[in-house]
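Below is one structure, written out as C-alpha cells; comments come after it.
The values are calculated or read from the model by the stated rules, or taken from the named source; none is laboratory data. Note that the structure is a prediction, hence the values are computed from the model and not measured. Every residue, glycine among them, receives a Cβ derived from its backbone with ideal geometry; neighbour counts consider all protein chains shown. We work out accessible area using only protein heavy atoms, side chains counted, and drop any ligands, DNA or RNA first. Shrake-Rupley method; radii C 1.70, N 1.55, O 1.52, S 1.80 Å.
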Amino acid sequence: MITCKQLQKHYGKKEILTDVSFQIDEPKIIGLIGRNGVGKSTLLKIIAGHAKASKGYIEVVGQKPFQNLTVAANVIFIEDAMTFPAVLTLKEILESAKKFYAKFATDLAFKLLKFSNISEKNYHTQLSKGQKATFNLIYGIASRSAITLLDEPMNGMDEAIRNDMYRVILKDFIAYPRVIIISSHYLNEMEQLIEDILLLHKGKVALFAPVEEVQELAVKLVGQKGNVEPALDKYEVLATYENGPIFEAIVRKNDLPLPENVRMLSLSASDVCQVLTATEGGSIDDIYRKSEYGAEYL
Amino acid sequence: MTSIVKVSTARNIYEQVKWKCKAYSSMFSTVLILYILLTLLSGGGSGSLGMGRSFVSYREQYYTLDSLFIFTVLTMFIFGWLLASKSISRDNFSIVTTSYTEAISSALFLVVLCIFTLVAAISTLWISILVDILRTGDLFIFHSMEYSLLTFISFTVCSLLAASIGYFIHVVFDFSKIVFALLCVGMFLLIRQYTIELWGILFGGSAFQIIGRSTIYIILLWLLIVLMRQRREVTRT
Amino acid sequence: MSIALLYFFLVIIGVTITGFFITKIRIWKPKRTLVFVAVYFSCGLLAFVYLMFLSGDIAKAPSKEFLQEQRIANEQLSSDLKLRKFEGLKEEHLKFTKTFEATAENIEVIRNEAGQYLPIHISWAESGENKITVSYYETPLYLNGVYITPFVEEPRIEWNDNKLYIIEADTMVTVKSVHFSSQLLNIGFPSRNDDPLYNLIGQRILHLNVPKQFNIIDKDGWY
C-alpha cells in the first residue's frame, strides 16, 4: 500500500529527509516516532500527496501520491492545522464529508461527537484546542480511508479523552482494518495500540519493527558502578546514567549471562526509541555536571 | 480490509463546486448586501436624459446594469483574490481534492457566482425601479429587450474575467513574490496609461469581440493557474 | 493617474471589508443565505411581474418600424398642410370643434406664452356667414420613442371680443425606464440625439375654417 525507497526531501538547502525507505503492505497501526523536527510531518505530507518528494521513489495505493486524486480519496491526513469552512457547523461538515469519502461513517461520527460532549451545532473555529483535535480525529477515523495518517492527533486532549480516542482507533481498526499511521509524542500511551514502530532519526528510518521487537532490542543494566562498568565490554552500550551510587547502562540485548550484582530491567518501546534517538554529547545530567564542576570533571 | 476507492475527476469537481457553494455561501449574501447598499447610496437610476421639444419637456430616468457592472467587476476581482487566499483555500483540503481539481472547481464556483451576480443585479434593478416608481408615481417605460441577452452574457463574462484576474494575481503571489511584484507594477502602469485605444487593443470594439477576447483571457488565465498550482505543495497553516 | 490610484485604494479597502464579511461574520450560514437569496430574487421577480403585467402605469415603447411609419405619415401630413390639402386631417385625430361668430373683419389670435407652439392652419371658405369653425387635431405624439399623448393637455380655445384666445399648458413628461443594454460595453445603448425617430413625432393642429371676408392676425405663432 505504501512503498518508499530512498526518499529525500529538502526545503532549499535544508535537508529534512535524507534516505527514507520502508514498505507497508498490510493493514496495521503504525506509530511514527522521532524527535522534534526529524521530518515526521513531512513524511506524512508526502504520503498524503500534499508535499512532493525531492528525490527517491514513493508509491501509495499503487500510484505516485503528489496531487493524485485516487490517493487523495484513499488517504486522509489529520493534523493540528486542519481547518474547515467557518460558516459550516460540525453537523454540516460531517454531513458533507460523505460526498467525498465514500466510506464515511456519518452515524459513528455523530455518536463519537456526542460522546465527546461536543455540540454538533458548534463551528470548528469556536472549538477549544482539545475539542478541535478530538473533532479532527473523529473526522479522520470516520472517513475509514484505506490509509489514515494522524499527525499528533492527541495534542491538546485531556488524558481521559485521549484514552477514549485510543480505544476508538483500535475498535474501528478491528472492525475496518486499514493502514493507520500515528505520529505522536505519547508513545507510552500508544504502545498497547500500535503494532509497528517506524522510527525516524536524522532523516532516515532508524527502525521499522514490531513493538515487541523494539522492546526486546535493549535492556537496562542497573547496579553499583564498580559492578556494572566492567561488564559493559560485552555489550553494545547505548547510554549510561549515574545517579549517586547507582549506575545505569542501557545496552543492546544479547544472550550472555548477567554479571553478578547487576540487575537487568526491561525497557518500554518508548524508552528504547528515546535512547536510539538520543542527541550526541551526553545527557542533561552531563550538562549540569559540566556547568557545576567544569569540563575537567568529565 | 478497507478496499481502494476509485474517484471520477468530474464527479469530484462537481461535488467540490456544490461544497464550495455551501462553504462560501457568505459570498452570495455579501453580493446582495453590497448591492442593497449601493442602491441605497446611489439613490436609484443609472442616468437620465432630458429634452425639450416645443410644447413638451421630457425627462427619462433610466436604469441599466452599467452602474452595477463596474461595482460587480470590482467585487468579483476581490472575491477571486480571496478565494485563492490561503485563509480560504486551506479549507478546501479538508475534503478530497488535488490542486488541479481545486482550481477547476474554484473556476466553476466563480462561474456560478458570476451567474448569481447577474441575476442579483437584474433583481436589484427591478426592485429599485419599483420602489422608485411607487415613490414618484412616474410612468414606467419598457424599451425593447433586443440587446439583453448580449448584455447579460457580457456582464457574466466580464465579471468572470475580473474574478479570474483576482484569483490569478493571488496564485502568482503564492508562486513567486518577484513575479507578483512585476505583475503589480505592470498592471499599475497599464491602468496609468489607460486609454480607449489600449482598451480597444485588449478587448476590441464590439460586444462580440469583448465577449470573445475575455473568454480567451479567462481560459489562458486558468491554464496558467492550473500550471502554477500543480507545483504548489499544500500547507494548511 | 489619480483615478488609477483611487481604484487601487478602492480595491485594497474592498478586499479588507469583503474579507471581513466573508471570514469573520458567521451570520450568513448556508441555509440563511439560501432564504435571503430566495426572498431577494422573489422580490425581484415580483417587481418584474408587477411592473410588466400588473401596473397600469407601464407603457411599452413602440418599435422602430412603427415609429418610422408614424414619422413618414406625419411628414406627409405636414407637406399636405403646407399645400393646403386638408384631406389629410382625419376624423380620428379630431379632438374637438368649436364654432364662434365673428363680429369684425380682423380676427386677432391671442396666445399665452406656452401657446406659441400650436400651429394654425386656415382654410378659407366661400361663405357669406360669419361663423368661424375651430378644430383641434392631434395625431399620436411620440417623443424619445415614448407615446406621450396621454400627458399632453388639449389647448383651451376661447372667443372674446372678436379675438381668438389659445391657452395652452406646458407639458412635462417624466418617466422611468429600464435598458438591458450597456453604454460601458458598447452594447446597443441608443444614441438618441441624432436619431430622427426619437425626435418629436406627431402633430397638434388647430384648423380654422374661416369665411373669406375675414382676416386672421397671428403675431405670436412660432411654428
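Quick look at the numbers
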item	result
Test for C:L46: is it over 26 Å from C:N144 (Cβ atoms), open to solvent by 90 Å² or more (accessible area, probe 1.4 Å) and either within 14 Å of chain B (Cβ to nearest Cβ) or free of Cβ contacts under 8 Å to residues at least 24 places away in the same chain (or both)	yes
Scan of region B:1-20 for residues that are in a helix (DSSP H, G or I), more than 13 Å from B:I95 (Cβ to Cβ) and polar (S, T, N, Q), ordered by number	B:T9
Cβ pairs under 7 Å, 6+ apart, first in region B:203-232 and within 14 Å of chain C (Cβ to nearest Cβ), second surrounded by 18 or more Cβ atoms within 10 Å (Cβ to Cβ) and not in a helix (DSSP H, G or I)	B:A207/C:L185; B:A207/C:I187; B:I210/C:L185
Some residue of region A:161-173 being in contact with a strand residue (DSSP E or B) (Cβ under 8 Å, 6 or more places away or on another chain) and not β-branched (V, I, T)	yes
Residue list for region A:130-162, filter: among the polar types (S, T, N, Q) and either in contact with a Cys (Cβ under 7 Å, 6 or more places away or on another chain) or closer than 15 Å to B:I95 by Cα (or both)	A:N136, A:S143, A:S145, A:T148
Top-ranked residue in region B:112-132 [being within 20 Å of B:L83 (Cβ to Cβ) and β-branched (V, I, T); ranked as least open to solvent (accessible area, probe 1.4 Å)]	B:T117
Extreme residue, farthest from C:K176 (Cα to Cα), among residues of region C:140-158 that are touching a helix residue (DSSP H, G or I) at 6+ places or on another chain (Cβ under 8 Å) and open to solvent by 10 Å² or more (accessible area, probe 1.4 Å)	C:P140
Subset tally (residues that are in contact (Cβ under 8 Å) with a residue 12 or more places away in the chain, crowded, with 16+ Cβ neighbours inside 10 Å and either farther than 30 Å from C:S182 by Cα or in contact with a helix residue (DSSP H, G or I) (Cβ under 9 Å, 6 or more places away or on another chain) (or both)) for region B:31-61	10
First in region A:68-81 and in contact (Cβ under 8 Å) with a residue 60 or more places away in the chain, second anywhere and of a type in the set (D, E) and surrounded by fewer than 22 Cβ atoms within 10 Å (Cβ to Cβ), Cβ under 9 Å, 6 or more apart	A:E79/A:E152; A:D80/A:E152
Residue check for C:L81: at pLDDT 85 or above and touching a strand residue (DSSP E or B) at 6+ places or on another chain (Cβ under 9 Å)	no
Helices (runs of 4 or more DSSP H) wholly inside region B:21-116 containing at least 1 residues that are on the phi < 0 side of the Ramachandran plot and more than 14 Å from chain A (Cβ to nearest Cβ)	B:25-42, B:66-84
Given (1) touching a residue at least 60 places away in the same chain (Cβ under 8 Å); (2) at the interface with chain B (Cβ under 7 Å from one of its Cβ atoms), number of the condition A:I47 does not satisfy	(2)
Whichever residue in region A:102-132 is within 14 Å of chain B (Cβ to nearest Cβ) and charged (D, E, K, R) and, among such residues, is farthest from A:I76 (Cα to Cα)	A:K132
Of the criteria (1) closer than 22 Å to A:Y176 by Cα; (2) part of a loop (DSSP other than H, G, I, E, B); (3) open to solvent by 20 Å² or more (accessible area, probe 1.4 Å), which one A:N36 fails	(1)
The one condition in (1) more than 30 Å from B:R59 (Cα to Cα); (2) within 10 Å of chain C (Cβ to nearest Cβ); (3) open to solvent by 50 Å² or more (accessible area, probe 1.4 Å) that B:C184 fails to fulfil	(3)
Tally, over region C:45-99, of residues that are in a helix (DSSP H, G or I), under 30 Å from B:V119 (Cα atoms) and not hydroxyl-bearing (S, T, Y)	10
Whichever residue in region A:41-57 is under 22 Å from A:R144 (Cα atoms) and not hydrophobic (A, V, I, L, M, F, W, C) and, among such residues, is surrounded by the fewest Cβ atoms within 10 Å (Cβ to Cβ)	A:S41
Unmet requirement for C:R71, which otherwise passes all of (1) within 11 Å of another protein chain (Cβ to nearest Cβ); (2) crowded, with 16+ Cβ neighbours inside 10 Å; (3) under 20 Å from the mean Cα position of the chain (by Cα)	(1)
